[in-house]
Amino acid sequence: MHFAGLAARRVAIWGFGREGRAVIAALRARQPQLALTLLCSPAEVAAARAFDAALQVIAGEPDAATLSQFDVVVKSPGISAYTPALLAAQAQGTQFTSGTALWFAEHTQARVIAVTGTKGKSTTSAMLAHLARALGVRTALAGNIGLPLLELLDQPADLWVIELSSFQTGEAGPLELGVITSLYEEHLDWHGSRERYVSDKLKLADVSQQLLVNALQPVLLERTQAHPRRRLFGQPEGWHVSGGFIRRGTQPVFPIAQLAAPGLHNALNACAALAALADIGMDALAAAPALASFRPLPHRLQPLGEHDGFHWINDSISTTPLATLAALESLHGRAVTVLVGGHDRGLDWTPFVDAMRVVPPHAIVCMGANGPRIETALRAAAVACPPVCVGDLTSAITAARACTPQGGVILLSPGAPSFDQFKDYAERGRRFAELAGFDGAAMTGIGGLGIH
């Protein structure tokens, strides 16, 4: 759907986060005469009217009757495409689109690498943009990573690196290269089931001329084997990690000890970024030295430093148990107290519990809404380090200080979303930093967003 196709139609914007505001601004620029209605929460009404006085505002969760009043509803990504009200309105003829879909419709000739994955998509996207810029390519970094595409609607770039969440992969238009970094269980509350999550994630393959996927993921390999131009990273024949190096085949390219982003998974993210550049015809070998100057993203295994005799690491972005396992693997051999738990989406913690039986950390502090469930599973498995269960992050920090030896690591890697106690993972990460004794306000956002 193009902006021109919205003329003289009844249009609503559903959601007043940054995506919603970007949609409003873009519609005002492209269709200034169009009457717009905003569907938002009661708490957002005053801010919405201050943002655009001409908006008609409907507060509260819209039902099917409300949504059916409109020809087109432009919804924000966090609103599930499977809500009953949306499906009912859709059946009655209302069309639903998004800022992402509108951008793709207007940029059919853009050179796009789109990156998705349960984990690794933000770091891979940022690395990709960083490496392309090191080659002198004018590159945009936008999407789910923190900058809505519509904020860059009329700005030119030679290469677009776009991160897409599982909420957005079905909204992308045809593109040059799709990258899938990993595929685990997540966002079941939005998608409704694991199978639907996987299917939605893999919609990226349908619009990608070339597809690059992680060779170390059997399910991903199986589900993408029919793609006619699929390529792999993470296997010995191509870009992979071996013997302390990122390698292309047998050729050592970059020592992983020089990566500022710790962990084997981040080295694999670098492989994905380099492979993506090579797949679109750029000189990945010439770009590789720029990995040394890549700055790790905040809240992703972010070392905060030493304070009160402990080393503090903020991995608040971790919202699945498997992500927590990856964080612990990167710290193997150190005395680690890990803080786990948060909003309960019903994910299966069995793989985490099984791993803790084999290679337990120094201590495990369970917290938040699903903390008791995790603690029960760990105790039932007779994990060698008895878990501690507390109610919130503040109590978890207190417990961690009490059970961690001097010189040890206190790791926030919750394996769960933050919504039981915080607005988002970034707020949780900042609060962790403050409770540890650091300046949470000084934690900057993701560098390199936009066009450079």
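For segment 2-16, the set of residues classified as surrounded by 13 or more Cβ atoms within 10 Å (Cβ to Cβ) and within 20 Å of Thr66 (Cα to Cα) consists of Leu6, Arg9, Arg10, Val11, Ala12, Ile13, Trp14, Gly15, Phe16, listed by residue number. Just to be sure, is Leu268 assigned to a helix (DSSP H, G or I) and surrounded by fewer than 21 Cβ atoms within 10 Å (Cβ to Cβ)? Against the criterion (assigned to a helix (DSSP H, G or I) and surrounded by fewer than 21 Cβ atoms within 10 Å (Cβ to Cβ)), Leu268 does not qualify.
Which of the residues belonging to segment 200-230 are closer than 16 Å to Ile113 by Cβ and outside any helix (DSSP H, G or I)? Result: Ser208, Gln209, Gln210, Leu211, Leu212, Val213, Asn214, His227, Arg229, Arg230. What residue, among those in segment 392-437 that are of a type in the set (Ser, Thr, Tyr) and assigned to a helix (DSSP H, G or I), is surrounded by the most Cβ atoms within 10 Å (Cβ to Cβ)? The residue in question is Tyr425. Condition check for Arg230 on (1) under 21 Å from the mean Cα position of the chain (by Cα); (2) under 21 Å from Leu175 (Cβ atoms): one failure, at (1). Of the residues Leu159, Leu183, Leu202, Leu164, which single one is assigned by TED's automatic domain parsing to the domain that holds Gly120 and modelled with pLDDT under 90? The conditions single out Leu183. The residues on offer are Ala129, Ala134, and the sole one that is over 12 Å from the mean Cα position of the chain (by Cα) and under 26 Å from Lys201 (Cβ atoms) is Ala129.
Considering the conditions (1) at pLDDT 95 or above; (2) surrounded by fewer than 14 Cβ atoms within 10 Å (Cβ to Cβ), Arg295 is excluded by exactly one of them, (1).
Every condition in (1) of a type outside the set (Asp, Glu); (2) surrounded by 24 or more Cβ atoms within 10 Å (Cβ to Cβ); (3) over 30 Å from Leu128 (Cα atoms) holds for Ala323 except the one numbered (3). Of the residues examined, Pro262 is one that is in contact (Cβ under 8 Å) with a residue 40 or more places away in the chain, closer than 19 Å to Leu325 by Cβ and not β-branched (Val, Ile, Thr).
A count restricted to segment 75-86 and to residues that are in contact (Cβ under 8 Å) with a residue 40 or more places away in the chain, surrounded by fewer than 20 Cβ atoms within 10 Å (Cβ to Cβ) and of a type outside the set (A, V, I, L, M) stands at 3.
Answer with yes or no whether Ala355 is in the same structural domain as Glu427 (by TED's automatic domain parsing), hydrophobic (A, V, I, L, M, F, W, C) and under 18 Å from the mean Cα position of the chain (by Cα). Judged against the criteria, Ala355 is not a match. Taking the condition within 26 Å of the chain's Cα centre (by Cα), assigned by TED's automatic domain parsing to the domain that holds Glu176 and either acidic (Asp, Glu) or not in a loop (DSSP other than H, G, I, E, B) (or both), does Ala286 pass? Spelling it out, it is not the case that Ala286 is within 26 Å of the chain's Cα centre (by Cα), assigned by TED's automatic domain parsing to the domain that holds Glu176 and either acidic (Asp, Glu) or not in a loop (DSSP other than H, G, I, E, B) (or both).
The number of residues in segment 303-323 that are among the polar types (S, T, N, Q) and either in the same structural domain as Asn266 (by TED's automatic domain parsing) or at pLDDT 95 or above (or both) comes to 2. Applying the condition of being in a helix (DSSP H, G or I) and touching a Phe, Trp or Tyr at 6+ places or on another chain (Cβ under 7 Å) to segment 87-105 and asking which residue is surrounded by the most Cβ atoms within 10 Å (Cβ to Cβ) yields Leu102. As for segment 179-189, it holds no residue that is touching an Asp or Glu at 6+ places or on another chain (Cβ under 8 Å), within 20 Å of Leu277 (Cβ to Cβ) and not aromatic (Phe, Trp, Tyr).
The values are calculated or read from the model by the stated rules, or taken from the named source; none is laboratory data. Computed from a predicted model, the values in this text were never measured in an experiment. Cβ atoms come from the backbone with ideal geometry, glycine included; neighbour counts cover every protein chain shown.
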